[in-house]
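Everything below concerns the one structure shown next.
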Amino acid sequence: MLILSCWVDWADGSTFRGAAQEHPGGLVMPYLQVKDAAGRWTTVVEDMGMPAGKPKTIAVDLTGKFLSASREVRIVTNLCVYWDEIFLSDDSSPPPVTLTRIDPSSADLRFRGFSTPRIDPERRQPEAFDYANVMLTSMWNPTSGLYTRYGDVGPLVRAADDRFVIMGSGDELRLRYPVDALPPLAPGWTRDFLLLVDGWAKDADANTAFSQSVEPLPFHAMSAYPYPAGERYPDDEAHRAYRDAYNTRPALKLIRPLATR
C-alpha cells in the first residue's frame, strides 16, 4: 500500500485550459508506473487519484502491481500537486474497524465572510486560510441566481437526493454532531472522524461552463455537465417543493458598483 500525504492548489477553468493546450495529451491526471523485468517503466495504475484540495492523505493499493523485483514507483502528472510525505506500507492485514454513522443534530446556513489568506512569502507553499481572522470584503460578487435561504437546512444534508444546500461566496454551513451518542471506545482503540460530503462546486471563471449563473442545477443521474437537452434536473413534486421552500435567496451584492444609475 502506497500512502501519500499531499494537497492540490486547485486552479480555475482558464488555468486548466491553458495547461491542456500546453501538453499534446491535455491534462494528465496522476498515474503510477513500476519497472518491468527489462527495467522499463510500465503503467500499472492508470488513475491513482489525488487529494481534493487542502492537505489530505490518500492510499494506492499496489497488491499485484509490481512486475519485477524492483520496488521503484513513479508518479506521472502535469498538475500542480504538492507531495509532502510518501511511504510504502507492507502490512497487508487490515486492523479491525468499527464504523458508526452519526447524522448532524443541527445544520445552519449563514453568512460569515472570508477567512484571511496566508501566503508563503517565497511562494513555496500553497495558499492557506486563517479561520479565526475574518474579512467581510470580497474581490467579486457571488454568481447570479437563487441560493438556499439562511437558517436551518438539516433536511437537505441527511441524504444524497439532489436536494442540496446552494452556498455562495462568504457563506458558512455550520454542522453539529451528537458525539455523545457514539459507543464507548474499547481498551486500546482510537477514534477518527470522517466527514462524508456529496456535492458539486462551480467557479465564475470565463472558461467554466455556465460560470455566470447558479443554474442549471447538477444532479446525480446527469451524464455530463453541462448535460444534454434530453436530461434535466428532477422535476417531481418533492424537488419542486424543495426549490420553492429553500432556494429563495438572491445572490448577495458584496461589492459596491463603481457608479450609480
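Residues 228, 218: which one is without any contact (Cβ under 8 Å) to a residue 12 or more places away in the chain and assigned to a loop (DSSP other than H, G, I, E, B)?
It is 228.
Looking at 169, 144, which one is under 16 Å from residue 114 (Cβ atoms), surrounded by 11 or more Cβ atoms within 10 Å (Cβ to Cβ) and not aliphatic (A, V, I, L, M)?
Result of the check over 169, 144: 169.
So, of the residues in the range 27-67 that are hydroxyl-bearing (Ser, Thr, Tyr) and more than 17 Å from residue 4 (Cα to Cα), which turns out to be surrounded by the fewest Cβ atoms within 10 Å (Cβ to Cβ)?
Of everything passing the filter in the range 27-67, 43 is surrounded by the fewest Cβ atoms within 10 Å (Cβ to Cβ).
Name the residue that is farthest from the chain's Cα centre (by Cα), counting only residues in the range 190-208 that are touching a residue at least 40 places away in the same chain (Cβ under 8 Å) and either under 25 Å from residue 112 (Cα atoms) or exposed (fewer than 13 other Cβ atoms within 10 Å of the Cβ) (or both).
206
Which residue is nearest to residue 153 (Cα to Cα), if the candidates are limited to the range 172-186 and must be in contact (Cβ under 8 Å) with a residue 40 or more places away in the chain and in a loop (DSSP other than H, G, I, E, B)?
In this case the residue turns out to be 177.
Can you name the number of the only condition in (1) at positive phi; (2) touching a Ser or Thr at 6+ places or on another chain (Cβ under 7 Å) that residue 207 fails?
(1)
Can you tell me which residue is nearest to the chain's Cα centre (by Cα) among those in the range 2-42 that are closer than 17 Å to residue 77 by Cβ, without any contact (Cβ under 8 Å) to a residue 12 or more places away in the chain and assigned to a loop (DSSP other than H, G, I, E, B)?
Only one residue fits best here, namely 26.
Within the range 31-62, which residues are β-branched (Val, Ile, Thr) and farther than 30 Å from residue 12 by Cα?
Listed by number, the residues that qualify are 34, 42.
Considering each of 58, 75 in turn, give the residue that is under 26 Å from the mean Cα position of the chain (by Cα) and either part of a loop (DSSP other than H, G, I, E, B) or farther than 30 Å from residue 156 by Cα (or both).
None of the other options fit; the residue is 75.
For the range 239-249, state whether one or more residues are within 23 Å of residue 115 (Cα to Cα) and either surrounded by 11 or more Cβ atoms within 10 Å (Cβ to Cβ) or among the aromatic types (Phe, Trp, Tyr) (or both).
Yes, the conditions are met somewhere in the range 239-249.
Among the residues of the range 85-96, is there at least one that is acidic (Asp, Glu), assigned to a loop (DSSP other than H, G, I, E, B) and either modelled with pLDDT of 95 or more or over 30 Å from residue 175 (Cα atoms) (or both)?
yes
Just for the range 68-127: of the residues that are among the small types (Gly, Ala, Ser) and closer than 30 Å to residue 188 by Cα, which one is surrounded by the fewest Cβ atoms within 10 Å (Cβ to Cβ)?
Checked the range 68-127; the qualifying residue surrounded by the fewest Cβ atoms within 10 Å (Cβ to Cβ) is 93.
Residues of the range 93-141 being out of contact with any Gly (no Cβ under 9 Å at 6 or more places or on another chain) and aromatic (Phe, Trp, Tyr), which ones?
Result: 129, 131, 140.
The values are calculated or read from the model by the stated rules, or taken from the named source; none is laboratory data. All values reported here derive from a predicted model rather than from experimental measurement. Methodologically, a virtual Cβ is constructed for each residue, glycine included, from the backbone with ideal geometry; neighbour enumeration extends over all protein chains shown.
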